[in-house]
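The next block holds one structure in the form of structure tokens; read it before the comments.
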Amino acid sequence: MLNNLTVFDFETTGLDPVNDRVIEMAAVRVVDGEIVTGFHSLIKTDIELTPKITEITGIYPEMLQGAMEEDLAFRILRNIMGDSLLVAHNAAFDLQLLHHALQRLAGKTFSNPFIDTLTLSRDRHTYPHKLTDMCNRYGIALEGAHRALNDVEGCWKLLEAMHNEEPVDSYINRLGYLSKYGPPDWAPAHAELFGTSNRYEPRNVG
């Protein structure tokens, strides 16, 4: 299952996938369980960074001066992705950002299959499910969380650990969301959406 995938992550100006913008992007392409290529860049934006975003990400406005143009960054990401399986933690957000950026920049979207490690985490484990918490559960070192490249590497190692524990193939294209917040405003047409509670008992693994 892990023979052709792209793990990716965005840091953004906010939580609106339509109107906010990506300020940092990272991706690694994995073939037959090995990372074969990767990409990481800060990205220019005209949107002013709030102190809260800087606090969360450690990215300051001056760091984006001279950064990569948005359209080039997404072209590179699209080339790395190809037709591979996409992997992200909280993919409901990242997939929306990817869709709206591709629509805005190129008038297209994507049809790649995907796995959301957050959906997987909620099904197999009790709260909390943040990437840092899940990496801690599996003894995975994650330094500098909320920086895109670090989060990508942590997400890949988390997926690998959970797959080794029990194959994750059945989670392809499954996208969970917290019922109290409702489904995402946009999801891939091939996504299987389902609502969950943060309090339900996880399924036993093994």
What stretch of the chain, leaving out the sites themselves, is the longest with no trypsin sites (Lys or Arg not before Pro) in a DSSP loop having at most 12 other Cβ atoms within 10 Å?
1-107
Ignoring ligands and nucleic acids, what accessible area does residue 140 show with a 1.4 Å probe (Å², nearest 10)?
20
Residue-by-residue Karplus 3J(HN,Hα) for segment 12-25, coefficients 6.51, -1.76, 1.60, Hz, glycine and proline x
9, 7, x, 9, 9, x, 8, 9, 7, 10, 6, 10, 8, 9
At residue 60 and residue 18, where each label point lies 7 Å from the Cα along Cα→Cβ, what is the point-to-point distance in nanometres?
3.5
Quick one: work out Rg over Rh on the C-alpha atoms of segment 15-162, Rh as Kirkwood radius.
0.95
Quickly estimate the mean residue ellipticity at 222 nm for the chain, helices only: each DSSP H run with n ≥ 4 gives -39500 (n - 2.57), and the total goes over all residues, rounded to 500.
-10000 deg cm²/dmol
Run down the aspartates and glutamates and flag those whose C-alpha is under 16 Å from the C-alpha of residue 130, throwing out any fewer than 8 positions away in its chain.
9, 11, 94, 116, 143, 151, 153
Return the single residue from 82, 154, 182 with maximal mean-square fluctuation; model: Gaussian network over the chain, springs between Cα atoms under 10 Å.
182
Between residue 108 and residue 178, how high is the FRET efficiency from 1/(1 + (r/R0)^6) when r is the Cβ-Cβ distance and R₀ = 22 Å? Nearest 0.05.
0.15
Low-density loop cleavage sites - GluC sites (Glu not before Pro) in segment 143-192, where at most 12 other Cβ are within 10 Å (DSSP):
143
Could you check how much of the accessible area of the chain is carbon and sulfur, as a whole percent, using a 1.4 Å probe?
48
Taking amide hydrogens as modeled 1.01 Å from N in the peptide plane, which residues meet the under 5 Å criterion relative to residue 193, leaving out close sequence neighbours?
175
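The values are calculated or read from the model by the stated rules, or taken from the named source; none is laboratory data. Everything numeric here is computed off the predicted structure, so don't read it as measured data. FYI the Cβ positions are ideal-geometry reconstructions off the backbone, even for glycines, and counts take in every protein chain you see. These accessible areas exclude ligands, DNA and RNA; they are computed on the full protein's heavy atoms, side chains included. Shrake-Rupley method; radii C 1.70, N 1.55, O 1.52, S 1.80 Å.
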